[in-house]
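Chemist: Have a look at this one.
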Amino acid sequence: MGLDTYARPSPEGELTAEDVAAFQAVDAHLCGGIWSGDDGSFRGKVYSDVVERVTDVSLYQEWIPPETVRAMADAFAHCDPEGVARDLAGEVHATTAVEIRSLGAFLRVCADRGLGLAGWW
């Protein structure tokens with residue numbers, strides 16, 4: 001099943017120009033889908049395993065509230081990207097340490113701006 005993941009202030013809300021600028025400033029390099037991959041979104045299916053491994057939170061939810069995203073960002077800040085990448089090396093969606101750092105940066109922008117995550121599949 002596919003999944004696109006979008007940073008949002010609420011399940012139906014849209015990012016502000018300041019939110020978009022914050023995502024552009026961190027320059028996170030994450031895989032996009034047909035409808036995702038611009039500033040403030042990514043292809044969740046590709047990163048669902050690593051996110052769940054690091055945070056114990058599934059991206060396969062319609063809405064992940066800002067409080068949960070803050071905890072997810074903290075978990076990424078404290079993980080060992082190289083170690084996590086090694087652990088996932090044989091998985092279908094293997095993730096590099098660079099991508100893991102980018103996920104952490106993406107989630108930190110969300111946490112700092114009070115954004116949650118909306119899933120669409």
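Rundown of residues vs (1) hydroxyl-bearing (S, T, Y); (2) at pLDDT 95 or above, yes/no style:
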site	(1), (2)
Y60	yes, yes
R70	no, yes
A77	no, yes
L88	no, no
T95	yes, no
A105	no, yes
D112	no, yes
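Chemist: Mind listing whichever residues of the range 67-108 are in contact (Cβ under 8 Å) with a residue 40 or more places away in the chain and buried (at least 21 other Cβ atoms within 10 Å of the Cβ)?
Modeler: Within the range 67-108, V69, T95, E99, I100, S102, L103, F106 meet the criteria.
Chemist: Continuing with this model, one more query. Among the residues that make up the range 32-44, is at least one of them surrounded by 19 or more Cβ atoms within 10 Å (Cβ to Cβ), within 18 Å of Y6 (Cβ to Cβ), small (G, A, S) and in contact with a Leu (Cβ under 6 Å, 6 or more places away or on another chain)?
Modeler: Yes, there is a match, as at least one residue in the range 32-44 is surrounded by 19 or more Cβ atoms within 10 Å (Cβ to Cβ), within 18 Å of Y6 (Cβ to Cβ), small (G, A, S) and in contact with a Leu (Cβ under 6 Å, 6 or more places away or on another chain).
Chemist: All but one of (1) out of contact with any strand residue (DSSP E or B) (no Cβ under 9 Å at 6 or more places or on another chain); (2) of a type in the set (F, W, Y); (3) more than 19 Å from A25 (Cα to Cα) hold for W120; state the number of the condition that does not hold.
Modeler: Tallying (1) out of contact with any strand residue (DSSP E or B) (no Cβ under 9 Å at 6 or more places or on another chain); (2) of a type in the set (F, W, Y); (3) more than 19 Å from A25 (Cα to Cα), W120 fails exactly one: (1).
Chemist: Looking at this structure, is Y47 within 13 Å of the chain's Cα centre (by Cα), within 23 Å of W121 (Cα to Cα) and in contact (Cβ under 8 Å) with a residue 60 or more places away in the chain? Steps first, please.
Modeler: Values: within 13 Å of the chain's Cα centre (by Cα): yes; within 23 Å of W121 (Cα to Cα): yes; in contact (Cβ under 8 Å) with a residue 60 or more places away in the chain: no.
It is false that Y47 is within 13 Å of the chain's Cα centre (by Cα), within 23 Å of W121 (Cα to Cα) and in contact (Cβ under 8 Å) with a residue 60 or more places away in the chain.
The values are calculated or read from the model by the stated rules, or taken from the named source; none is laboratory data. Bear in mind that the values here come from a model prediction, so they are computed numbers and not experimental data. Every residue, glycine as well, gets a Cβ built from its backbone with ideal geometry; the counts of neighbours run over all protein chains shown.
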